[in-house]
Amino acid sequence: MVGFGRRTVLIEQRDRGGFEELPVDRRLQKALRASFARFLDEEIPEPWVATRILRKNYLRPISFAIYLRGQRDKPNQPYYHYVQLSFSGCAGMADTSSALAAHWAEVWCKKRTEFIETELLRPYQLEPTENPALVLEPEETFIPAGEYGYASFVPAKYRAKQDADDERPVCFFMVDACWHEAHYAGLGDGANIDFEFDVVNTLNREYAELMSDGRCRCQLCMPEFDATRLDQFKV
């Protein structure tokens with residue numbers, strides 16, 4: 001079974017319960033990483049600025065951790081094992097990048113299911129099950145933000161604001177916290193960084209209504225989206 005968390009992708013999970021961790025064959029680790037990178041190369045031959053930044057600054061140096069873990073309901077039952085791909089949020093500094101990486105891994109697993117099962121899992125005695133369970137952030141979608149990589153957006157948050165009798169400003173988009181840290185390290189504690197941060201402010205003002213349709217505008221989901229204007233955001 002293929003299941004996904006905000007920063008974690010689970011392949012071939014069949015049960016829950018007690019826990020154990022086993023060493024992962026280096027050949028399997030290498031094959032999984034290579035397959036994911038090759039998939040992105042094939043699906044995105046001409047990357048947007050945001051896509052290049054994400055792959056260069058996040059996916060290439062950090063990639064993802066790979067675990068082989070087992071779970072069981074009771075002590076006298078056998079373990080059921082799964083492969084876990086985990087994308088680090090870098091202590092909260094790269095939560096948006098890690099969420100998008102998990103989203104891309106979800107697309108990879110869906111589009112390359114047969115290859116992953118026959119070429120990557122079964123040679124290591126890992127038998128996938130059916131009916132993937134997706135547990136990403138509800139309705140979380142993404143939009144390019146130039147040299148800041150991508151910004152995340154949750155349509156439900158926007159709709160709740162539209163229905164509420166509250167005039168206070170709300171930030172609907174989130175980029176990696178490292179960019180906030182870099183730009184506003186010298187500001188006082190009273191600074192409202194979300195609304196002084198140009199890229200987030202612009203997205204909030206000009207793209208919230210567009211994104212409220214619930215469609216993801218990352219380059220894998222919507223390659224036809226015109227990212228030209230957003231590509232102009234500079235760090």
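The values are calculated or read from the model by the stated rules, or taken from the named source; none is laboratory data. Note that the coordinates shown come from a computational prediction; the quantities given were computed from them, not determined experimentally. No Cβ is skipped: glycine too gets one built from the backbone with ideal geometry, and neighbour counts run over all protein chains shown.
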Q) Can we say GLU117 is assigned to a loop (DSSP other than H, G, I, E, B) and either free of Cβ contacts under 8 Å to residues at least 24 places away in the same chain or surrounded by 17 or more Cβ atoms within 10 Å (Cβ to Cβ) (or both)? A) no
Q) Can you name every residue in the range 68-98 that is over 24 Å from PHE19 (Cβ atoms), out of contact with any helix residue (DSSP H, G or I) (no Cβ under 6 Å at 6 or more places or on another chain) and assigned to a helix (DSSP H, G or I)? A) ASP95, THR96
Q.
Checking ASP41 against (1) modelled with pLDDT of 90 or more; (2) closer than 27 Å to LYS234 by Cα; (3) surrounded by 17 or more Cβ atoms within 10 Å (Cβ to Cβ), only one condition comes out false. Which one?
A. (3)
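For (1) of a type in the set (A, V, I, L, M); (2) farther than 19 Å from GLU43 by Cβ; (3) in contact with a strand residue (DSSP E or B) (Cβ under 7 Å, 6 or more places away or on another chain); (4) modelled with pLDDT of 80 or more, each residue gets a yes or a no:
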residue: CYS90; (1), (2), (3), (4): no, yes, no, yes
residue: THR96; (1), (2), (3), (4): no, yes, yes, yes
residue: LEU100; (1), (2), (3), (4): yes, no, yes, yes
residue: LYS110; (1), (2), (3), (4): no, no, no, yes
residue: GLN125; (1), (2), (3), (4): no, yes, no, no
residue: GLU139; (1), (2), (3), (4): no, yes, no, no
residue: PRO144; (1), (2), (3), (4): no, no, yes, yes
residue: GLY149; (1), (2), (3), (4): no, no, no, yes
residue: SER152; (1), (2), (3), (4): no, yes, yes, yes
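Which of the following residues is among the hydrophobic types (A, V, I, L, M, F, W, C), over 27 Å from ALA91 (Cβ atoms), modelled with pLDDT under 95 and buried (at least 17 other Cβ atoms within 10 Å of the Cβ): ALA208, ALA160, ALA164, ALA133?
On the way: ALA160 fails: buried (at least 17 other Cβ atoms within 10 Å of the Cβ); ALA164 fails: buried (at least 17 other Cβ atoms within 10 Å of the Cβ); ALA133 fails: buried (at least 17 other Cβ atoms within 10 Å of the Cβ).
Within the list ALA208, ALA160, ALA164, ALA133, the selection yields ALA208.
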Q) Can you name the condition, by its number, that ARG16 falls short on among (1) modelled with pLDDT of 75 or more; (2) touching a strand residue (DSSP E or B) at 6+ places or on another chain (Cβ under 7 Å); (3) farther than 15 Å from ILE116 by Cβ? A) (1)
